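Below is one structure, written out as structure tokens; comments come after it.
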Amino acid sequence: MRVTGAGASFPNPVYQRWGEGAKAAGIELNYQSVGSGAGINQIRNRTVDFGASDAPLSAQQLAEGNLIQFPTVMGAVVPIVNVPGVADDGLRLTGELLAEIYMGKVAKWNDARIAELNPGVALPNLAIAPVYRADSSGTSFVFTSYLSAVSAEWKSRVGAGTSVRWGTGAGARGNEGVAGTVRNTRGGIGYVENAYATQNKLSTAQLRNKAGHYVKASMESFGAAAASADWSVPGFAASLVDQGGDASWPIVSPTFILLPTNPTDMARTRAVLRFFDWAYANGGDAARQLEYIPLPEAVQNAVRAAWSKLEVNGQAAWPAG
């Protein structure tokens, strides 16, 4: 059975890897990485079997769209930089400084505010070239939610959203576009899901977390943040932004799938659920290899319980038979 999905580029690497593995279970995945906003629109219009978004929908939005929402994996958003002479993980930044860079208030890499955080680092007299997502993006939602949490000025002037009015910089489409633009731009800075930084061999910056410690982007720091998630909120919309803990990476987020609560095709709905059930049971190692964080088993089981409430013409869609 072939299932179609579209949306977030944040989880695209792991969805493609899962799609390869699930062929053995008789499921063929066609997933298009078009951004969270497009994914939400496509599932609302029922042009795909499932939508994918990093920005969770509210209970009201889910009800209005006749949708159910559940998480698949967790991942981290990381700042990527192209600063000549600065080693990978050799640059320290804070969330407040990131906000000032994207508001156009810090324009050179050797600015005194950056130099103060990086004693001994040879920072060039080079213009900072911020890159942001040009499309409606869940990655932007996660990144701007973080900036809003750590910068009162950002929260009041720009705020959090899948699309915002950026103060400066150039737009690129998808995590792929941001990664490519930063890689090709001297002085570039951007934000991507960590897998894109790894795959493109891009330099990431250390960030100061809520506990005041500078941490590197790593599975250990991502996992430390993920451990504190509260999944009891409606729609499983746990927030992992700016979590406490000495070792926590400050920008971690779940990514979500959207499915109709009033499906018309039992076979396709069951195939989607079988695919993600397969991914929960068999996709953990692949997720870790791509530096995503699998969901705890208890959360996976809670999601399966939510699936059991889906019905087509009075027949339960899950278990899938």
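The values are calculated or read from the model by the stated rules, or taken from the named source; none is laboratory data. The model shown is predicted, which means the values in this text are computed figures rather than measured ones. Neighbour counts run over all protein chains shown; Cβ positions are idealised from the backbone, glycine included.
Only one of the numbered conditions (1) in contact with a helix residue (DSSP H, G or I) (Cβ under 6 Å, 6 or more places away or on another chain); (2) without any contact (Cβ under 8 Å) to a residue 12 or more places away in the chain is violated by V77, and that is (2). The sole residue among A87, A99 that is assigned by TED's automatic domain parsing to the domain that holds G188, of a type in the set (A, V, I, L, M, F, W, C) and either touching a strand residue (DSSP E or B) at 6+ places or on another chain (Cβ under 6 Å) or in a loop (DSSP other than H, G, I, E, B) (or both) is A87.
Would you check which residues across segment 80-97 are free of Cβ contacts under 8 Å to residues at least 60 places away in the same chain and surrounded by 18 or more Cβ atoms within 10 Å (Cβ to Cβ) and list them?
L97
Note down all Cβ pairs under 6 Å where the first residue falls in segment 188-211 and is within 23 Å of K108 (Cα to Cα) and in contact (Cβ under 8 Å) with a residue 24 or more places away in the chain, the second is of a type in the set (D, E, K, R) and part of a strand (DSSP E or B), and they're at least six residues apart or on different chains. Qualifying pairs under 6 Å: Q206/R92. When each of G5, G75, G39, G51 is tested for being at negative phi, assigned to a helix (DSSP H, G or I), of a type outside the set (A, V, I, L, M, F, W, C) and surrounded by 22 or more Cβ atoms within 10 Å (Cβ to Cβ), the lone residue that passes is G39.
The rows are residues; the columns are (1) of a type outside the set (K, R); (2) over 23 Å from N194 (Cα atoms); (3) part of a loop (DSSP other than H, G, I, E, B).
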site	(1), (2), (3)
T269	yes, yes, no
R274	no, yes, no
Y280	yes, no, no
D285	yes, no, no
E291	yes, no, yes
V299	yes, no, no
R304	no, yes, no
A320	yes, yes, yes
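Within segment 233-267, restricting attention to residues that are in the same structural domain as L62 (by TED's automatic domain parsing) and either free of Cβ contacts under 8 Å to residues at least 24 places away in the same chain or surrounded by fewer than 17 Cβ atoms within 10 Å (Cβ to Cβ) (or both), the residue that is farthest from G39 (Cα to Cα) is A267. Look at segment 160-176: where a residue is among the basic types (K, R) and a partner is modelled with pLDDT under 95 and outside any helix (DSSP H, G or I), sitting 6+ places away or on another chain with Cβ atoms under 8 Å, you get R173/G35; R173/D135. Restricting the search to segment 106-146, which residues are assigned to a helix (DSSP H, G or I), surrounded by fewer than 24 Cβ atoms within 10 Å (Cβ to Cβ), touching a residue at least 24 places away in the same chain (Cβ under 8 Å) and of a type outside the set (S, T, Y)? Answer for segment 106-146, where residues must be assigned to a helix (DSSP H, G or I), surrounded by fewer than 24 Cβ atoms within 10 Å (Cβ to Cβ), touching a residue at least 24 places away in the same chain (Cβ under 8 Å) and of a type outside the set (S, T, Y): just L117. Can you pull out the residues in segment 154-174 that are more than 25 Å from T185 (Cβ to Cβ), touching a helix residue (DSSP H, G or I) at 6+ places or on another chain (Cβ under 7 Å) and part of a helix (DSSP H, G or I)? Matches in segment 154-174: K155 only. Scanning segment 273-321 for residues that are acidic (D, E) and either touching a residue at least 12 places away in the same chain (Cβ under 8 Å) or surrounded by 15 or more Cβ atoms within 10 Å (Cβ to Cβ) (or both) yields D277, E291, E311.
Please verify whether segment 262-277 includes one or more residues that are closer than 27 Å to S218 by Cβ, of a type in the set (A, V, I, L, M), modelled with pLDDT of 95 or more and within 22 Å of the chain's Cα centre (by Cα). No: segment 262-277 contains no residue that is closer than 27 Å to S218 by Cβ, of a type in the set (A, V, I, L, M), modelled with pLDDT of 95 or more and within 22 Å of the chain's Cα centre (by Cα).
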